[in-house]
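These notes are about the structure you will find just below.
The values are calculated or read from the model by the stated rules, or taken from the named source; none is laboratory data. Not measured: the values here are computed from a predicted model. Neighbour counts run over all protein chains shown; Cβ positions are idealised from the backbone, glycine included. Accessible surface is based on the protein model in full, side chains and every heavy atom, while ligands, DNA and RNA are left aside. Shrake-Rupley method; radii C 1.70, N 1.55, O 1.52, S 1.80 Å.
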Amino acid sequence: MTEVLSFSGVQLRRGDNPILRDINWSVDSAERWVVLGPNGAGKTTLTNLASARMHPTEGTVMVLGETLGHSDTQDLRTRVGLTSAALADRIPDDETVRDVVMTAAYGVTGRWREEYEHIDESRADDLLAAFGMSDFAERAFWTLSEGERKRVQIGRALMTDPELLILDEPAAGLDLAGREELLAALAELAGDRRSPAIVMVTHHVEEIPEGFTHALLLREGEVVAAGPLHATITSANLTQAYGMPVALHAHQGRWTARKG
Ligand SMILES: Nc1ncnc2c1ncn2[C@@H]1O[C@H](COP(=O)(O)OP(=O)(O)OP(=O)(O)O)[C@@H](O)[C@H]1O
Ligand SMILES: [Mg+2]
């Protein structure tokens with residue numbers, strides 16, 4: 001296994017505000033991590049560091065063996081697949097679904113600049129097929145439902161064959177069927193040895209796909225618990241992370257949580 005992420009004594013401040021404090025975290029290539037924590041805990045900020053979109057104020061972040069601040073982050077960005085609401089907002093309305101996926105090959109949104117090779121087109125079509133979106137390839141992205149958009153975005157994030165895949169709330173806004181379909185697709189991805197390392201941010205233990213191996217719990221910019229999934233997703237740790245009593249139930253490899 002190779003280390004794809006390494007955070008050591010990482011702090012991130014905005015003005016006087018500490019947003020992340022003393023984060024020590026390591027992700028190996030075969031691992032699939034879920035990141036949980038309340039609103040404002042620092043999850044998205046953590047993904048911005050992990051995808052080389054920000055630098056730490058203090059400490060060291062290594063992404064795919066490169067230390068942030070010491071290397072060309074543009075190159076790193078094509079090696080990390082990312083989906084987030086912020087990236088989705090930058091997709092031009094009239095871009096076709098196929099182009100949304102395909103343009104990732106050049107780290108750009110919008111088809112105005114690049115010449116595409118046939119091989120890119122067939123890879124984009126394969127990814128659309130893998131996420132059940134083949135019939136939508138010619139549609140404008142803006143005409144898709146939220147669930148359809150999420151699946152296209154994950155296809156886009158995988159287009160460059162990244163060594164690390166980061167998903168910030170991929171199931172947000174999905175209905176029950178949409179969520180379950182997405183979780184099934186993510187479970188398949190997680191179970192495939194050829195898949196990259198995965199870090200997925202979510203608000204709900206119900207959204208942890210099968211096959212995920214590790215969890216990181218954040219509260220107010222600090223790590224509450226991190227490690228193998230079953231040792232980390234516990235009532236005690238969630239109670240600490242959310243600052244309220246949490247009752248947790250496990251059933252057939254999935255969890256539910258409510259106020260305890
Ligand atoms: N550029 C910034 N300037 C100042 N404060 C910021 C900035 N970016 C984030 N923050 C603050 O840092 C904290 C963590 O934000 P972040 O978006 O990482 O939280 P999150 O865990 O992803 O929350 P959510 O679950 O709501 O998405 C928040 O209090 C936020 O207001
Ligand atoms: Mg967030």
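Annotations
- Just one of (1) under 12 Å from Ile166 (Cβ atoms); (2) away from ligand 1 (no atom under 16 Å from the Cβ) fails for Arg53. It is (2).
- For region 219-240, the set of residues classified as more than 14 Å from Val34 (Cα to Cα) and touching a residue at least 60 places away in the same chain (Cβ under 8 Å) consists of Arg219, Glu220, Gly221, Glu222, listed by residue number.
- Those helices (runs of 4 or more DSSP H) lying entirely in region 1-104 with at least 1 residues among the β-branched types (Val, Ile, Thr) and open to solvent by 40 Å² or more (accessible area, probe 1.4 Å): 43-50, 73-79
- The residues on offer are Gly173, Gly178, and the sole one that is more than 16 Å from ligand 2 (Cβ to nearest atom), more than 13 Å from the chain's Cα centre (by Cα), open to solvent by 10 Å² or more (accessible area, probe 1.4 Å) and not β-branched (Val, Ile, Thr) is Gly178.
- Residues of region 191-210 satisfying the condition of being more than 16 Å from ligand 2 (Cβ to nearest atom) and touching a residue at least 12 places away in the same chain (Cβ under 8 Å): Gly191, Arg193, Ser195, Pro196, Ala197, Ile198, Val205, Glu206, Ile208, Pro209, Glu210
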